[in-house]
Amino acid sequence: AQRVTQPEKLLSVFKGAPVELKCNYSYSGSPELFWYVQYSRQRLQLLLRHISRESIKGFTADLNKGETSFHLKKPFAQEEDSAMYYCALSQAGTYKYIFGTGTRLKVLA
Amino acid sequence: EAGVAQSPRYKIIEKRQSVAFWCNPISGHATLYWYQQILGQGPKLLIQFQNNGVVDDSQLPKDRFSAERLKGVDSTLKIQPAKLEDSAVYLCASASTGASYNEQFFGPGTRLTVL
């Protein structure tokens, strides 16, 4: 069965420290992986997707098919990065998402 | 472009009552989703529409939940009768299937409390 696992419910780091939010997935086909973010009092919104291999707000994520992981990384955390982060898997061609349980990132001053 | 609109934003009802939520997707988006997000969990897909047809409703509790998308635009999600465990945020999202990737755009959600 398809599954997305985010092992950490809460991750606290100090400003300027590196951040890594973990995401592991289980999927037999060829997945599309995404990171969505929800800032306080805002809507859930797309942060980045693996296909584009881009850096958004300093965040990057690499799809590792061998380890079935899609960890989100940022070398230097900022206070404005504090938010709820969700990893999501889309089954190619279905436009259907499976979300992880989310990780709350708190960046401390 | 205007975002996905949802109403009401908050609703408090007693168990066994009925409730309805409304969603207006981004103009031109053919795909519409309803998600249930229980506190501490990620969004769980309830139903997916493509225009006015249902693509996936495998996780919709059909004995109490129903949804429709008349004319392929607005959608309503209904719960009748509500149970305590239905307390959650109900999210609507839409997507353009013409895009090169399937980014979903989310509404603000409706927070339902069942007493």
Note every residue of the range A:78-104 with a reduction of at least 50 square angstrom in accessible area, all protein chains present versus the isolated chain, computed with a 1.4 Å probe, or write none. A:Tyr95, A:Lys96, A:Tyr97, A:Phe99
Rounded to the nearest 100 Å², what is the buried accessible area between B and A, both sides summed, probe 1.4 Å? 1700 Å²
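Just to check, using Stokes-Einstein with a Kirkwood Rh over alpha carbon pairs, what's the diffusion coefficient of the protein assembly as shown at 10 °C and 1.306 mPa s in µm²/s?
On the way: Rh = 18.1 Å.
Reported coefficient: 88 µm²/s.
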Amide H contacts under 5 Å for B:Val55, restricted to residues at least 5 apart in sequence or on another chain and with H modeled in the peptide plane, are B:Gln48, B:Phe49, B:Gln50
Below 8 Å between Cα atoms, with a sequence gap of 6+, how large is the relative contact order for chain A in percent? 38 percent
Nearest-10 value in Å² for the accessible area of A:Glu20, using the 1.4 Å probe: 60 Å²
Taking θ = phi - 60°, what integer Hz values does the Karplus form 6.51 cos²θ - 1.76 cosθ + 1.60 yield along the range B:31-42, in sequence order, with x for Gly and Pro? 9, 9, 10, 10, 10, 10, 10, 7, 3, x, 10, x
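Below 12 angstrom from the Cβ of B:Gln59, what's the summed charge of the other residues (Lys, Arg +1; Asp, Glu -1)? Intermediate results must be reported in sequence, preceding the final value.
Values: positive: A:Lys96, B:Lys44, B:Lys62; negative: B:Asp56, B:Asp57.
Around B:Gln59, the charge tally is +1.
If you roll a 1.4 Å probe over the range A:3-108 with all protein chains in place, what percent of the accessible area is carbon or sulfur?
On the way: 2580 of 5240 Å².
That share works out to 49 percent.
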Options A:Pro31, A:Gln6, A:Leu63, ranked by Cα towards positive dipole end of the range A:3-108, top entry (Cβ charges): A:Gln6
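Just by accessible area at a 1.4 angstrom probe, what is the order of B:Asp63, B:Asp86, B:Asp74 from largest to smallest?
On the way: B:Asp63 115, B:Asp86 5, B:Asp74 55 Å².
Reading off the accessible areas and sorting them downward yields B:Asp63, B:Asp74, B:Asp86.
What does the net charge come to around B:Pro43 if you take all other residues with beta carbon closer than 13 Å to its beta carbon, with K and R at +1 and D and E at -1?
Values: positive: A:Arg43, A:Lys96, B:Lys44; negative: none.
The answer is +3.
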Calculate how large, on average over all directions, the projected area of the Cα convex hull of the range A:3-108 is; give the answer in nm² to one decimal. 6.3 nm²
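At 1.4 Å probe radius, can you tell me the per residue accessible area of the range A:3-108 in Å²?
Values: 5240 Å² over 106 residues.
That works out to 49 Å² per residue.
The values are calculated or read from the model by the stated rules, or taken from the named source; none is laboratory data. Here the structure is a predicted model, which is why all the values come from computation and not from measurement. Positions of Cβ are backbone-derived with ideal geometry, glycine not excepted, and every protein chain shown enters the neighbour counts. Note: areas computed on protein heavy atoms with side chains; ligands, DNA, RNA excluded. Shrake-Rupley method; radii C 1.70, N 1.55, O 1.52, S 1.80 Å.
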